[in-house]
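The values are calculated or read from the model by the stated rules, or taken from the named source; none is laboratory data. Computed from a prediction, not measured in an experiment: that's the story for all the values here. Heads up, the Cβs are rebuilt from the backbone with ideal geometry, glycines too, and the neighbour counts pull from every protein chain shown.
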Amino acid sequence: MVRRCSSVRRHQAVPDPTLDFAFAWSLEILPAPSWLRDLAGAWVFYSVLPAWPLLKPRFERIARFAPWIGLVLGGLQSLLWLILTGANWPTAAVALLVIGLGAWLTGGLHLDGLMDMADGLAAGRERCLQAMEDSRVGASGVQALLVVVLIQIAALLRLGPLAPLALPIAAFWGRCAPLWAMGRFCYLREGCSGTASFHRRYGQGWREALPAFLVLLVALTVVPSFLMAGRFSQMTLMVGIVVGVLPAFFVPEVLGRRLGGHSGDSYGASLVLVETITLLLLAVLLPAV
């Protein structure tokens, strides 16, 4: 067993993300609608990017905006890919740095959940939650992380010049997966005050997926029209945009049935697994389109 530090967000001084965060603004906070404050909260919770100035984040319904944050994070990975390939870096080195950037941008939040969930599944149903709460990572967690990273590297190497298209798509669908888990399954740690239980406490069912579906609708109708004559063909864009829909539903469904529900760890694990499967599917399908 290797002892590790748990995710930063798990032990931050945030007893309840729905309460006021300890943001010491030197300027006056501007009034804003609740949905915009939730978007600002999602920005803070799901990434290490700097908080928005003059806007106090709210954390009651941030999950609905997670796919939007995924597009931003995936876009930053794509930008790094384009910059490094433009500087004639070898593709293998670019793939490694892009994956490293993705882990850094999220503070390792979801990778931590993947390792915890793998250890929990290996421990069996009776000791599952106990293993997931353990601050040490076992062999199953290490293996899960290694396999996921290797698959992502292989997929990016196969995608090559199509990787900048694939990265935001995979990040988007990965963050749709927890929405299905929250709407379909009970929370494994009911009554817990952890930093993920508020998703269930303040969630509003399938309404949480509406912003993500709006983004998908725009992507399916507007983006192909604008980029049809550009670098990617319309068929490539259409296939790429929709390929992650099945993993986004299938992965959290399987994990939820296996665990008997979901927790913050399995939300993160679902996200990482859907991202990885989507990248792999894109690597198989896009070069043939």
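Only one of (1) within 22 Å of residue 166 (Cβ to Cβ); (2) small (Gly, Ala, Ser); (3) modelled with pLDDT under 90 fails for residue 103. Which number is that?
Failed condition: (3).
Within the stretch 145-158, identify whether any single residue is surrounded by fewer than 21 Cβ atoms within 10 Å (Cβ to Cβ), outside any helix (DSSP H, G or I) and of a type outside the set (Asp, Glu), and answer yes or no. I'd like the intermediate steps shown before the answer.
Here is the first cut: in the stretch 145-158, the residues surrounded by fewer than 21 Cβ atoms within 10 Å (Cβ to Cβ) are 145-147, 149-151, 153-154, 157-158.
Those left that are additionally outside any helix (DSSP H, G or I): none.
The answer is no, given that none of the residues of the stretch 145-158 is surrounded by fewer than 21 Cβ atoms within 10 Å (Cβ to Cβ), outside any helix (DSSP H, G or I) and of a type outside the set (Asp, Glu).
What are the residues in the stretch 81-97 that are part of a helix (DSSP H, G or I) and either of a type in the set (Val, Ile, Thr) or surrounded by fewer than 18 Cβ atoms within 10 Å (Cβ to Cβ) (or both), if any? Give the derivation first.
As a first pass, look at the stretch 81-97 and keep what is part of a helix (DSSP H, G or I): 81-86, 91-97.
82, 83, 84, 85, 86, 91, 92, 93, 94, 96, 97, listed by residue number.
List every residue pair whose Cβ atoms lie under 7 Å apart, where the two residues are 6 or more positions apart in sequence or sit on different chains, the first residue falls within the stretch 47-60 and is part of a loop (DSSP other than H, G, I, E, B), and the second residue, located anywhere, is polar (S, T, N, Q).
Cβ pairs passing all conditions: 47/106; 58/34; 59/18; 60/18.
Show me the helices (runs of 4 or more DSSP H) found entirely inside the stretch 199-289 where at least 1 residues are closer than 25 Å to residue 60 by Cβ, of a type in the set (Ser, Thr, Tyr) and modelled with pLDDT of 80 or more. Working first, answer last.
Working: elements: 210-221, 223-227, 234-242, 245-259, 264-285.
Ranges flagged: 264-285.
Among the residues of the stretch 109-127, are any surrounded by fewer than 20 Cβ atoms within 10 Å (Cβ to Cβ), in contact (Cβ under 8 Å) with a residue 24 or more places away in the chain and touching a Leu at 6+ places or on another chain (Cβ under 7 Å)?
There is no residue in the stretch 109-127 that is surrounded by fewer than 20 Cβ atoms within 10 Å (Cβ to Cβ), in contact (Cβ under 8 Å) with a residue 24 or more places away in the chain and touching a Leu at 6+ places or on another chain (Cβ under 7 Å).
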